[in-house]
Amino acid sequence: MDGLYSSWRQKKRPPLLRPTRPLVLANKVANRREQPGEATCITEMSVMMACWKQNDFNSSACAEEIRMFHDCVAKAEKERREQAEKAEEDTWGLRENLTSSKANKLLRRFPNITRYV
């Protein structure tokens, strides 16, 4: 009997909803870090610092280690740029979750109408 009575009450009155703010999208969303950045070139940096320590921070004695570290950083930066360009080309792809920067770009393109013409 109890289930029948509660369903009758729900049909009789719709639930009361009093929003504290207007039910519209904001014009921007909070910027969040999209992916945790992974550390790159840690091994090369450790080797370079160990060489510096062994040679009393003499850079000329560690030229090869410094070159290897700089090459690794340049390679990582190039890969990061290529990934960013690829992501920019697929800005409106719906295969993945929408990042905050993409959401803000869409909201700038299609803002809320706050007044009627």
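What follows is calculated from the coordinates using simple rules that are stated; it is not laboratory data. Remember, it's a predicted structure, so these values are computed and weren't measured experimentally. Cβ placement follows ideal geometry from the backbone for every residue including glycine, while neighbour counts extend to all protein chains displayed.
Here are some notes:
- Stretchable slack from LYS12 to GLU85, in nm (0.36 nm times residue separation minus alpha-carbon distance): 20.7 nm
- Sorted peptide list for 16-28, 97-109, criterion being average Cβ within 10 angstrom, highest first: 97-109, 16-28
- For VAL29, the residues whose modelled amide H falls within less than 5 Å of its own, excluding neighbours fewer than 5 places apart on the same chain, are ASN104.
- Full extension of the chain between VAL24 and ALA76 gives 14.6 nm of extra length, using 0.36 nm per residue less the Cα-Cα distance.
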